[in-house]
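The values are calculated or read from the model by the stated rules, or taken from the named source; none is laboratory data. Please read all numbers here as calculations on a predicted model, not as lab measurements. When we count neighbours, we look across all protein chains shown, and the Cβ atoms used for this are built from the backbone with ideal geometry, even at glycine. Note: accessible area is taken over every heavy atom of the protein model, side chains too, but ligands, DNA and RNA are not part of it. Shrake-Rupley method; radii C 1.70, N 1.55, O 1.52, S 1.80 Å.
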Amino acid sequence: QVQVVEYGGGLMQAGGSLRLSCAASGDTFSTYAMGWFRQAHGKEREFVAAINWSGTTTYYADSVKGRFTISRDNAKNTVWLQMNSLKPEDTAVYYCAARPYSGTSYYTADEYDYWGQGTQVTVSS
């Protein structure tokens, strides 16, 4: 059983920064691609960022490119999402997800098997 837990959500003014953390269980964490997705109230879930198993390749949605950074430390079974220059449009529940297999797209939520409970990020104008 793979367990994924997000930390670090909160309330921030526009222009501020937050750092989300994601802790995952399992001794095969280093083989998982990891992703961050978000869902605003009344909206569909959308891709935010992803990182491959080794941390050598990252992927970002156009809406966050240049502002958000995803990173990982496999020795700690941890993934982070550093969010800078926050905008009200970033307000959403953020989910960390694990893809423990060789998929076809880092952008597709259905390819991720394990999900955290979500952490709320609220950005005020």
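If I filter the stretch 5-45 down to residues being at pLDDT 95 or above, of a type outside the set (Gly, Ala, Ser) and open to solvent by less than 20 Å² (accessible area, probe 1.4 Å), which single residue comes out as nearest to ASN84 (Cα to Cα)?
Per the criteria, the residue is LEU20.
How many residues are at positive phi and in contact with a Cys (Cβ under 9 Å, 6 or more places away or on another chain) if we restrict to the stretch 78-125?
Residues in the stretch 78-125 being at positive phi and in contact with a Cys (Cβ under 9 Å, 6 or more places away or on another chain): 1 in total.
When the stretch 63-90 is examined, which residues are found to be among the β-branched types (Val, Ile, Thr) and either within 10 Å of the chain's Cα centre (by Cα) or under 12 Å from LEU18 (Cα atoms) (or both)? Outline the logic, then answer.
Our first condition is that a residue be among the β-branched types (Val, Ile, Thr); within the stretch 63-90, this holds for 64, 69-70, 78-79.
Once the filter is applied, which keeps residues that are among the β-branched types (Val, Ile, Thr) and either within 10 Å of the chain's Cα centre (by Cα) or under 12 Å from LEU18 (Cα atoms) (or both), the stretch 63-90 yields THR69, ILE70, VAL79.
Any residue in the stretch 98-125 that is under 25 Å from ASN84 (Cβ atoms) sitting within a Cβ distance under 8 Å of a residue that is assigned to a strand (DSSP E or B) and of a type in the set (Asp, Glu)? List the pairs, counting only those 6 or more apart or interchain.
GLY116/GLU6; GLN117/GLU6; GLY118/GLU6; THR119/GLU6
Pick from the stretch 99-110 the residues that are under 17 Å from GLN39 (Cα atoms) and not hydroxyl-bearing (Ser, Thr, Tyr): which of them is most open to solvent (accessible area, probe 1.4 Å)?
ASP110
Out of the residues in the stretch 115-125 meeting the condition of being open to solvent by 40 Å² or more (accessible area, probe 1.4 Å) and modelled with pLDDT of 95 or more, tell me which one is farthest from the chain's Cα centre (by Cα). Talk me through it step by step, then tell me what you get.
Taking the stretch 115-125 as the starting set, the residues that turn out to be open to solvent by 40 Å² or more (accessible area, probe 1.4 Å) are 115, 117, 120, 122, 124-125.
If we keep only those that are modelled with pLDDT of 95 or more as well, we get 115, 117, 120, 122, 124.
Values: TRP115: 10, GLN117: 12, GLN120: 12, THR122: 15, SER124: 20 Å.
Looking at the filtered set, the residue picked out is SER124.
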